[in-house]
Amino acid sequence: MASLVGAKRIVVKIGSALLVGPDGLKRDWLASLAQDVAWLKSAGVDVVLVSSGSIALGRGVLALNGAELPLEQSQAAAAVGQIRLARAYEEALAPYDIKTAQVLVTLEDSEDRRRYLNTRATLATLLSMGVVPIVNENDTIATDEIRYGDNDRLAAQVAVTVGADQLILLSDVDGFYSGNPTQDPDAKRFSTIDAITPEIEAMAGDAGSGLSKGGMKTKVLAAKMAIGAGCAMAITLGSRSNPLQSLEKGDPATWFIPKDDPALARKRWISSMKPRGAVRLDKGAVAALGRGKSLLPAGVTAVSGSFGRGDAIAIEDPDGTVIGVGLTRYDAAEAGALRGKHSDEFASILGYSGRAALVHRDDMVL
């Protein structure tokens, strides 16, 4: 079992059924979750919450009944519920002097490189300020073509985006079983899973066969995404009070174990990308990179290739030898215009202030 307080950054997924009941918001449960978040924050752990519940809350306010709502009514319910969901988290965490932020995303935001980088930068900034982001799918505007469709995979994508080392899925079941435990008395729970084999995937069944929305299949897909990025993932029962502290104390769960940590996995991913261009550096910039600094435009002497923001570019020393690869925060034209310039000159050149680094140290492999 991984220790939660030993993590640097944790993403926690909360489903609608845990948060919203027939009578509305489950405030006592939410208060216990807020205690857990405060406990983790006091241990120096960054926390991101991926929370469903906006449509369920909005349905109650608008008195929309029925198992399935038309798209327009679902989006209307989400619009009404989102503000209430954000307020609920804000009020629950306020007694611990924890600030919250609402971040709404769609599948397009992770598939489009520019949007992905914007999301990553925003979340990183919020976490650096001690804020707990509350992330949800933007159901107000999302259609089937741009939806994740379930918050298990959304949570895994968020964990990858922020470089989390643990993802906790608070579920209606206490782990991954060899079969459906409500139907198979011989089904056994796995304490740990080191590799997602075809046999494990077969045990997960079809997407709609599990106990929670989306089923166990989506949780296994989330686990594949998470552990591939070096993030451990746990499935545990979320309905108990203080579910995160209960998990830390050893309550039943299944942990999916990655082979690498998030930093190494990300570095491997970046190093596998084909550069779309290159930047050549002066000796001072090369030395700064050796000390773990980000690459600033001031140290760039030449820009070549045709690349967009978020593309991989080669990093060359003064002799043209490739010393690394990184993800650029500017396109080729912008990088060329900023070559040799300092950040106080960016606004006059670009028309906006821009980012200080051309390639951030977290997005670079030397």
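The values are calculated or read from the model by the stated rules, or taken from the named source; none is laboratory data. Just so it is clear, the model here is predicted, and its values are computed rather than measured. Positions of Cβ are backbone-derived with ideal geometry, glycine not excepted, and every protein chain shown enters the neighbour counts. Note: accessible area is taken over every heavy atom of the protein model, side chains too, but ligands, DNA and RNA are not part of it. Shrake-Rupley method; radii C 1.70, N 1.55, O 1.52, S 1.80 Å.
The criterion of being part of a helix (DSSP H, G or I) and surrounded by 20 or more Cβ atoms within 10 Å (Cβ to Cβ) does not hold for Leu49.
Return yes or no: is Ala124 out of contact with any strand residue (DSSP E or B) (no Cβ under 8 Å at 6 or more places or on another chain) and surrounded by 15 or more Cβ atoms within 10 Å (Cβ to Cβ)? In short, yes. Can you confirm whether the stretch 195-210 contains a residue that is open to solvent by less than 60 Å² (accessible area, probe 1.4 Å) and closer than 30 Å to Ala38 by Cα? Within the stretch 195-210 (the criterion being open to solvent by less than 60 Å² (accessible area, probe 1.4 Å) and closer than 30 Å to Ala38 by Cα), the answer is no, since none of the residues qualifies.
Being at pLDDT 95 or above, of a type in the set (Ser, Thr, Tyr) and open to solvent by 30 Å² or more (accessible area, probe 1.4 Å): is that true of Ser272 here? Here the answer is no, as Ser272 does not meet what is asked. Filtering the stretch 174-207 to residues that are polar (S, T, N, Q) and more than 25 Å from the chain's Cα centre (by Cα) leaves Ser178, Asn180, Thr182, Gln183.
Taken over the stretch 322-351, the criterion of being open to solvent by 30 Å² or more (accessible area, probe 1.4 Å), among the aliphatic types (A, V, I, L, M) and touching a residue at least 24 places away in the same chain (Cβ under 8 Å) is satisfied by Val322, Ile323. Checking the stated criteria, Lys293 turns out to be charged (D, E, K, R), within 27 Å of the chain's Cα centre (by Cα), closer than 12 Å to Met364 by Cβ and open to solvent by 70 Å² or more (accessible area, probe 1.4 Å). The residue list Arg115, Arg120 contains one member that is without any contact (Cβ under 8 Å) to a residue 40 or more places away in the chain, more than 23 Å from Leu18 (Cα to Cα) and part of a helix (DSSP H, G or I), which is Arg115.
Residues checked against (1) farther than 23 Å from Asp172 by Cα; (2) basic (Lys, Arg); (3) open to solvent by less than 50 Å² (accessible area, probe 1.4 Å):
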{"position": "Trp29", "(1), (2), (3)": "no, no, yes"}
{"position": "Gly58", "(1), (2), (3)": "no, no, yes"}
{"position": "Leu93", "(1), (2), (3)": "yes, no, yes"}
{"position": "Glu111", "(1), (2), (3)": "yes, no, no"}
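Scanning the stretch 241-265 for residues that are among the basic types (Lys, Arg) and open to solvent by less than 50 Å² (accessible area, probe 1.4 Å) yields a total of 0. The set of residues from the stretch 326-342 being part of a loop (DSSP other than H, G, I, E, B) and among the charged types (D, E, K, R) comprises Arg329, Asp331, Arg339, Lys341. Looking across the stretch 211-240, just one residue is crowded, with 23+ Cβ neighbours inside 10 Å and polar (S, T, N, Q), and that is Thr218. Of all residues in the stretch 70-97, those satisfying the criterion of being without any contact (Cβ under 8 Å) to a residue 24 or more places away in the chain, within 17 Å of Leu49 (Cα to Cα) and either in a helix (DSSP H, G or I) or among the β-branched types (Val, Ile, Thr) (or both) are Ile83, Arg87, Glu90, Glu91, Ala94. Among the residues of the stretch 75-91, those that are of a type in the set (A, V, I, L, M, F, W, C) and open to solvent by 20 Å² or more (accessible area, probe 1.4 Å) comprise Ala76, Ala79, Val80, Ile83, Ala86.
Residues in the stretch 167-189 that are at pLDDT 95 or above and open to solvent by 10 Å² or more (accessible area, probe 1.4 Å): none.
Residues in the stretch 95-109 that are surrounded by 15 or more Cβ atoms within 10 Å (Cβ to Cβ) and touching a Gly at 6+ places or on another chain (Cβ under 9 Å): Ile98, Leu107.
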